[in-house]
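The values are calculated or read from the model by the stated rules, or taken from the named source; none is laboratory data. Given the structure is predicted, the values throughout are model-derived calculations rather than measurements. Heads up, the Cβs are rebuilt from the backbone with ideal geometry, glycines too, and the neighbour counts pull from every protein chain shown. SASA here: full protein model, heavy atoms, side chains in, ligands and nucleic acids out. Shrake-Rupley method; radii C 1.70, N 1.55, O 1.52, S 1.80 Å.
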Amino acid sequence: MKGKLFAAIITVLILGVCFAGGLYYMENYDEFFYGKVDNSRMEKLSSNDEMKYEYTLDCYNKKGKKRELVFKTSRKLKEGAYISLEVKFSGVHKWEEVQYKELPQKVQDKIE
C-alpha cells in the first residue's frame, strides 16, 4: 500500500513539473521572422472587428528557415515593405516595418 501511494505521489509531482514547464515554455517562447509584404496575399475581412486585413506571407527566421505565417492587421501594409514579426507560441504577437539592412544576412539571401 505504501509503495502505491509513493508511486502516485511521484507521478503527480512529475506531471505537475511537466505542466509547469509547458506553461513556462508557451508563455516565454518567442522567435522573430522576417518577410516582405505582398498585398496579393492579403484578404480583406468582412467582420466588424478592428483587424480588417489578414496576410499570409512566406517568412524566414534568422537561420533562413522558411515558415508561412498568417496574421491580421488594422490597415493595409505598404507593398514591398520588409517586416519583422514576433512569433509566440500562439502565433504572431506583433509586427513592425524594418529596413532591408536590418534583416539578418540569411534572410537577405532568401528575400529579394
Extension gain (nm, one decimal) between Phe32 and Lys76, 0.36 nm per residue minus Cα-Cα: 13.7 nm
Rounded tilt (10° steps) of 2-28 against the dominant C-alpha axis of the chain: 10 degrees
Simple label model, 7 Å out from Cα along Cβ direction - Thr11 to Glu54, nm: 4.2 nm
For Rg/Rh (Cα atoms, Kirkwood Rh), calculated from these coordinates, the label among (i) 1.14; (ii) 1.24; (iii) 0.97: (ii)
Area accessible to solvent at Asp49, 1.4 Å probe radius, in Å²: 80 Å²
Karplus-derived 3J(HN,Hα), 6.51/-1.76/1.60, for each residue of region 66-75, Hz, glycine and proline x: 7, 8, 7, 10, 10, 8, 10, 9, 8, 9
